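Structure, as structure tokens:
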Amino acid sequence: MKQVKIFDTTLRDGEQSPGCSMNLREKLEVAQCLERLKVDVIEAGFAIASPGDFESVQAISRAVRDCSVASLARATQKDIDTAWEAVKDAADPRIHLFLATSPLHMEYKLKMTPDQVLERIAEMTAYARRYTSNIEFSAEDATRGDLEFLAEVTRLAIRNGATTVNLPDTVGYTTPAEMQALIAYILEHVEEAHDVDLSVHCHNDLGMAAANSLAGVLGGATQIECTINGLGERAGNTSLEEVVMAIRTRPDIYQAQTRIETTQIYRSSKTVYDIIGQTAPLNKPIVGKNAFLHESGIHQHGVLANKKTYEILTPESVGIRTNNLILGKHSGKHAFESHLQELGYELTEEELLRCFNEFKILCDKKKVITDADLEALVSHNVRTVETEDGYRLDWFAVHTSNFTTATSTISLKKGEERFEEVCLGDGPIDASFNAIDKIIQPVEHSFEIFSINSISEGKDTLGDVTVKLSAGGRHFSGHGLSTDIIQASIVAYIEAANKLQAYHNKHQKEE
Ligand code: KIV
Ligand code: ZN
């Protein structure tokens with residue numbers, strides 16, 4: 001079995017896609033998920049892109065111990081210096097430099113001749129080598145490049161110090177057969193390529209990113225670049241969960257393995273979706289709600305007789321628990337804590353106490369508490385700490401009917417101060433949001449997302465609300481969780497408005 005490295009770029013290629021920007025705390029939370037997943041490399045960002053990017057790459061480099069941490073850099077000294085400065089405290093820092101190599105990109109984007117490109121690759125790889133021996137070079141738009149030229153690019157990059165050479169399908173143009181042949185060609189024509197990792201990085205424009213990446217492995221690639229949930233520009237990148245589970249499910253075909261802790265997949269996917277304010281499409285492979293459901297009679301009959309008839313991988317293998325051991329209102333803190341540990345959560349004493357108190361409140365409202373409820377409760381309560389210095393809900397009262405205009409009275413607290421407003425609206429949620437606007441007076445914004453999802457089955461299910469606001473090209477999300485969807489909506493809106501205001505106030509001060 002050959003070992004395939006998983007290089008995750010959720011925090012760089014994924015985060016740079018519209019609507020997926022994350023703040024520092026959210027990026028650290030994703031980095032923690034990636035470390036638990038045991039990815040080999042976390043691409044933490046593009047350090048030179050902005051001071052915020054630099055700060056997050058540095059913070060992730062300092063926090064993560066069990067994975068290599070990389071920063072992207074263009075092939076210039078300044079980019080490489082900045083990337084190194086950001087990653088140098090990592091346990092295993094990597095500089096990832098790139099330069100375009102297709103005729104189209106060289107002529108129109110770089111305005112450089114192929115010889116100039118080769119010279120720059122040699123020079124900048126050698127420059128990065130002064131800092132570290134863990135260097136990746138990416139030949140951007142490789143799949144639309146010339147094979148002989150790519151062989152020369154690879155040779156030069158390796159001779160000057162690259163230990164990984166990545167051949168990206170930047171615009172999602174290639175096919176599985178072509179990708180397999182490309183990697184095989186490089187291995188056949190570049191002797192040095194056998195001593196380094198050859199990597200694939202595929203985009204999903206034609207829906208073939210996972211297939212192309214896996215074909216790269218068949219051709220001899222030893223690293224796949226991917227993102228959680230396939231996040232990424234346009235149609236996204238290769239999705240981590242798909243390639244990892246394909247390799248695990250078909251060792252007979254790929255003759256390969258990864259070091260990924262697959263039972264962490266579902267939780268990581270959920271965390272990333274929660275942070276960016278989205279939910280998995282129902283039919284998303286591996287992590288969608290329907291991925292393991294068998295609705296048709298024939299399938300159900302088969303699965304009852306033998307699960308393998310229609311199930312090629314188990315929900316448990318990706319961390320979806322189906323037994324739903326139930327805790328009840330008489331469960332003590334120890335039972336609660338040890339059950340959370342079984343689910344993979346290690347909480348601080350303060351987080352544990354907060355979650356336990358919420359759990360007890362939930363027990364009074366809901367007859368059956370499932371693992372899904374617990375996971376939602378924990379991730380909600382651990383994530384909402386940030387808003388504590390903003391406004392928080394004190395109480396609310398709504399009046400609504402199908403023959404009067406809805407009214408909402410909202411009382412919010414900030415520190416010890418209390419603020420109250422009453423507003424009308426087109427339904428109780430609109431009325432409540434109007435009252436919150438009157439109190440917080442957030443800067444002008446638009447609503448990107450307002451979604452309500454149920455966590456489990458039954459009419460007493462928890463409602464999981466996501467609100468995402470956008471202002472000045474930035475996004476601010478909030479989450480609310482309650483058996484009362486009006487309350488969950490109010491809490492989610494307050495959290496998003498607090499973040500929006502905090503960002504606005506901070507930047508006003510800096511100006
Ligand atoms: O898609 C691409 O080519 C990239 C490179 C910078 C690796 O993201
Ligand atoms: Zn990319």
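For this structure, a couple of remarks:
- Scope region 451-469; condition assigned to a strand (DSSP E or B), without any contact (Cβ under 8 Å) to a residue 40 or more places away in the chain and either over 24 Å from F359 (Cα atoms) or not polar (S, T, N, Q) (or both); matching residues: I452, G463, V465, L469
- Matching residues in region 423-433 - criterion: being crowded, with 18+ Cβ neighbours inside 10 Å and under 34 Å from the mean Cα position of the chain (by Cα): P428, I429, A431, S432, F433
- Residue within region 250-261 that is hydrophobic (A, V, I, L, M, F, W, C), in contact with a Lys or Arg (Cβ under 9 Å, 6 or more places away or on another chain) and surrounded by fewer than 19 Cβ atoms within 10 Å (Cβ to Cβ) present: no
- Residues of region 394-422 that turn out to be in contact with a Lys or Arg (Cβ under 8 Å, 6 or more places away or on another chain) and either surrounded by fewer than 18 Cβ atoms within 10 Å (Cβ to Cβ) or over 18 Å from A492 (Cα atoms) (or both), as a count: 6
- In region 212-228, residue surrounded by the most Cβ atoms within 10 Å (Cβ to Cβ) [restricted to those that are free of Cβ contacts under 8 Å to residues at least 60 places away in the same chain and within 22 Å of G288 (Cβ to Cβ)]: S213
For every residue, the table says whether it meets (1) touching a Ser or Thr at 6+ places or on another chain (Cβ under 6 Å); (2) within 16 Å of ligand 2 (Cβ to nearest atom); (3) acidic (D, E); (4) without any contact (Cβ under 8 Å) to a residue 12 or more places away in the chain.
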site: T132; (1), (2), (3), (4): no, no, no, no
site: A151; (1), (2), (3), (4): no, no, no, no
site: G172; (1), (2), (3), (4): no, yes, no, no
site: E188; (1), (2), (3), (4): no, no, yes, yes
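- In summary, A177 fulfils each of the numbered conditions (1) assigned to a helix (DSSP H, G or I); (2) of a type in the set (G, A, S); (3) within 16 Å of ligand 1 (Cβ to nearest atom) with the single exception of condition (3).
- Residues that are within 16 Å of ligand 1 (Cβ to nearest atom), hydroxyl-bearing (S, T, Y) and not in a helix (DSSP H, G or I), drawn from region 207-234: T227
- Sole residue being among the hydrophobic types (A, V, I, L, M, F, W, C) and crowded, with 19+ Cβ neighbours inside 10 Å, chosen from A502, A471, A488: A488
- Hey, T483 surrounded by 18 or more Cβ atoms within 10 Å (Cβ to Cβ), in contact (Cβ under 8 Å) with a residue 60 or more places away in the chain and in contact with a Ser or Thr (Cβ under 6 Å, 6 or more places away or on another chain) or not: no
- Only a single criterion out of (1) modelled with pLDDT under 90; (2) surrounded by 12 or more Cβ atoms within 10 Å (Cβ to Cβ) is not satisfied by K284, namely (1).
- The set of residues in region 11-52 being within 16 Å of ligand 2 (Cβ to nearest atom) and assigned to a helix (DSSP H, G or I) consists of L11, R12, D13, G14, A49.
- A single entry from T163, T143 fulfils the requirement of being under 17 Å from Q223 (Cα atoms) and within 16 Å of ligand 2 (Cβ to nearest atom): T143.
- Hey, G236 within 14 Å of ligand 2 (Cβ to nearest atom) and touching a residue at least 40 places away in the same chain (Cβ under 8 Å) or not: yes
The values are calculated or read from the model by the stated rules, or taken from the named source; none is laboratory data. Note that the structure is a prediction, hence the values are computed from the model and not measured. Here the Cβ is made from the backbone with ideal geometry for all residues, glycine too, and neighbour counts use every protein chain on show.
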